[in-house]
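Have a look at the structure below, then the notes.
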Amino acid sequence: MTLVRIDKKKWAEGLTAAADAYQLIGPVKEKDYHQFRTLEKGEMPDLDMVNTRLSPKALLFPQSETMLEYSLDEARDDHHVMKEAARDDSPRAVIGIRPCDAKSTLLVKLNFDTPDIKDPYWLTAYEATTFVGMACDRPLSTCFCTTAGCGPYHEEGLDILVMDQGDAYLARILTDKGSAFAAAAGWQTSSDDTAAFEAGRQAAESRIVSAVKTDNLADSDILDLHGAPFWDDVAFSCLNCGVCTFSCPTCWCFDIQDEVHGKSGVRMKNWDSCMFPIFTVHTTGHNPRDTKTQRVRQRFMHKLKYFVDKYEAGIMCVGCGRCVRQCPVNIDIRRVCELMNSFKPADACAVQG
């Protein structure tokens, strides 16, 4: 692990140099919000942003991604043959990703990279990407990362972690990918100021005012939680709009569809959501989750119980607070987590009695 000091006057120069070997991606403000996108030549990432409205998960898992292409034109020799769509898998670097979003990639990787099944589209994008994180010194009131297995200076999922020191950036090089990017950027001025990182981490964590308790989730009986009496109340105001799942960095549900225009066709992977009524509709027309209470319960049980039991890697949440801020009816995962973590079967008996 290496510490490098980067004079802010040379920051843009370094990124410009790295752009010769990497496609650079970073947060850019457009209208009222920031979003991650490919940086134009000479364009710099806006590192003053707190966080983006949508998570950068789309960089590895696009909202719509063409996987295969085919032709129905029988005059062509290759008609009705599916071919892999062209992809750009050249090296790229995401500049300014927050530690919570970087950690989320590792949680999502548990789904797309298993011993039995490996998603080549997600994994190819992941391997081509270097994550240069920006420490989060101004957490929002809705951030609860420190109790969700993460933190404003968390390093998991990052190749480089950068902190702001006023007139300079201090970069902690964490992986071989990070070393390669630092070399391409010409960041070579070493530093031994480890105390600055520790002081920055402590100061940032002290600004976190929101928390969740998760200590009882793993030991709770899955059927007891599934049958808990509070789900109707939690789901009462839900609109099934799906903004929680689309803004969440760890939601990974998708659908695969074929679309044909004339005689040209594509097979696409598109984001889907367990909040949508048609998400679980069978070809028979039967829908095992035909009420919004069932759908809301599924979302929170997946995040806070099913994932916990299956992977033993904590909750399926990094505490970024996006779903809290953006839910139009104020459904709050922190409140639901408290209900689930503190629930006892006796509570249900008391309600029924």
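Residue-wise test of (1) open to solvent by 20 Å² or more (accessible area, probe 1.4 Å); (2) in contact with a Phe, Trp or Tyr (Cβ under 9 Å, 6 or more places away or on another chain).
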site: Ile160; (1), (2): no, yes
site: Met163; (1), (2): no, yes
site: Arg172; (1), (2): yes, yes
site: Lys177; (1), (2): yes, yes
site: Phe181; (1), (2): no, yes
site: Gln188; (1), (2): yes, no
site: Asp192; (1), (2): yes, no
site: Ala199; (1), (2): yes, no
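With respect to Leu15, determine if the residue is touching a helix residue (DSSP H, G or I) at 6+ places or on another chain (Cβ under 9 Å), outside any strand (DSSP E or B) and buried (at least 16 other Cβ atoms within 10 Å of the Cβ).
yes
Within the set of pairs 6 or more residues apart or between chains, which connect a residue that is within 13 Å of Cys150 (Cβ to Cβ) and touching a residue at least 60 places away in the same chain (Cβ under 8 Å) inside the range 315-328 to a residue that is open to solvent by 10 Å² or more (accessible area, probe 1.4 Å) and of a type in the set (D, E, K, R) with Cβ atoms less than 6 Å apart?
Short answer, once both residue conditions are applied: Val318/Lys103.
Of the residues that sit in the range 42-61 and are without any contact (Cβ under 8 Å) to a residue 60 or more places away in the chain and in a loop (DSSP other than H, G, I, E, B), which one is farthest from Arg98 (Cα to Cα)?
Gly42
For the range 14-37, give me the residue count where each residue is without any contact (Cβ under 8 Å) to a residue 24 or more places away in the chain and under 18 Å from the mean Cα position of the chain (by Cα). Can you show your working first?
Start the filter on the range 14-37 by keeping residues that are without any contact (Cβ under 8 Å) to a residue 24 or more places away in the chain, which leaves 19, 28-35, 37.
If we keep only those that are under 18 Å from the mean Cα position of the chain (by Cα) as well, we get 28, 33-35, 37.
So the answer is 5.
Which number in (1) on the phi > 0 side of the Ramachandran plot; (2) surrounded by fewer than 17 Cβ atoms within 10 Å (Cβ to Cβ) marks the one condition that Ser64 misses?
In the conditions (1) on the phi > 0 side of the Ramachandran plot; (2) surrounded by fewer than 17 Cβ atoms within 10 Å (Cβ to Cβ), Ser64 misses (1) alone.
Could you please find all residues in the range 73-83 being of a type outside the set (A, V, I, L, M, F, W, C) and in a loop (DSSP other than H, G, I, E, B)?
Let us first name the residues in the range 73-83 that are of a type outside the set (A, V, I, L, M, F, W, C), namely 73-74, 76-80, 83.
Of everything in the range 73-83, those that are of a type outside the set (A, V, I, L, M, F, W, C) and in a loop (DSSP other than H, G, I, E, B) turn out to be Asp73, Glu74, Arg76, Asp77, Asp78, His79, His80.
If you take just the helices (runs of 4 or more DSSP H) that sit entirely in the range 209-287, which of them hold at least 3 residues that are surrounded by fewer than 19 Cβ atoms within 10 Å (Cβ to Cβ) and not hydroxyl-bearing (Ser, Thr, Tyr)? Don't jump to the end; show me each part of the working.
Working: elements: 222-226, 231-235, 243-247.
Per the criteria, 222-226.
Output the number of the condition that Glu65 fails; it satisfies all remaining conditions of (1) out of contact with any helix residue (DSSP H, G or I) (no Cβ under 8 Å at 6 or more places or on another chain); (2) part of a strand (DSSP E or B).
(1)
Kindly evaluate Ala148 against the criterion of being open to solvent by less than 40 Å² (accessible area, probe 1.4 Å) and over 18 Å from Ser206 (Cα atoms).
The answer is no for Ala148.
Considering only the range 238-268, state which residues are within 21 Å of Arg295 (Cα to Cα) and of a type in the set (S, T, N, Q). I'd like the intermediate steps shown before the answer.
First, pick out the residues of the range 238-268 that are within 21 Å of Arg295 (Cα to Cα): 238-256.
Listed by number, the residues that qualify are Asn240, Thr245, Ser247, Thr250.
Among the residues of the range 265-282, is any within 15 Å of the chain's Cα centre (by Cα) and under 20 Å from Trp231 (Cα atoms)?
Within the range 265-282, one or more residues are within 15 Å of the chain's Cα centre (by Cα) and under 20 Å from Trp231 (Cα atoms).
For the list (1) closer than 22 Å to Gly166 by Cβ; (2) at pLDDT 95 or above; (3) of a type outside the set (D, E, K, R); (4) within 24 Å of the chain's Cα centre (by Cα), I need the number of the one condition that Trp11 fails.
Against the list (1) closer than 22 Å to Gly166 by Cβ; (2) at pLDDT 95 or above; (3) of a type outside the set (D, E, K, R); (4) within 24 Å of the chain's Cα centre (by Cα), Trp11 comes up short only on (4).
For the range 327-340, does any single residue satisfy the condition of being open to solvent by 70 Å² or more (accessible area, probe 1.4 Å), in a loop (DSSP other than H, G, I, E, B) and modelled with pLDDT under 95? Reasoning before the result, please.
First, pick out the residues of the range 327-340 that are open to solvent by 70 Å² or more (accessible area, probe 1.4 Å): 328, 330, 335, 338.
Narrowing further to those that are in a loop (DSSP other than H, G, I, E, B): 328, 330.
Narrowing the set further to residues that are modelled with pLDDT under 95 leaves none.
No, the range 327-340 has no match at all.
State yes or no: is Arg53 surrounded by fewer than 20 Cβ atoms within 10 Å (Cβ to Cβ) and of a type outside the set (S, T, N, Q)? Spell out the reasoning first.
Working: surrounded by fewer than 20 Cβ atoms within 10 Å (Cβ to Cβ): yes; of a type outside the set (S, T, N, Q): yes.
Judged against the criteria, Arg53 is a match.
Among all residue pairs at least 6 apart or on different chains, which show Cβ distances below 7 Å where the first residue, located in the range 81-103, is within 20 Å of Pro45 (Cβ to Cβ) and acidic (Asp, Glu) and the second is open to solvent by 60 Å² or more (accessible area, probe 1.4 Å) and not in a strand (DSSP E or B)?
From residues that are within 20 Å of Pro45 (Cβ to Cβ) and acidic (Asp, Glu), there are no pairs.
The values are calculated or read from the model by the stated rules, or taken from the named source; none is laboratory data. No experiment lies behind these values; they were computed from the predicted model shown. Reconstructed Cβ throughout: ideal geometry from the backbone, glycine too, with neighbour counts over all protein chains shown. Each accessible area value is taken on the protein alone, full model and side chains, heavy atoms only, with ligands, DNA and RNA left out. Shrake-Rupley method; radii C 1.70, N 1.55, O 1.52, S 1.80 Å.
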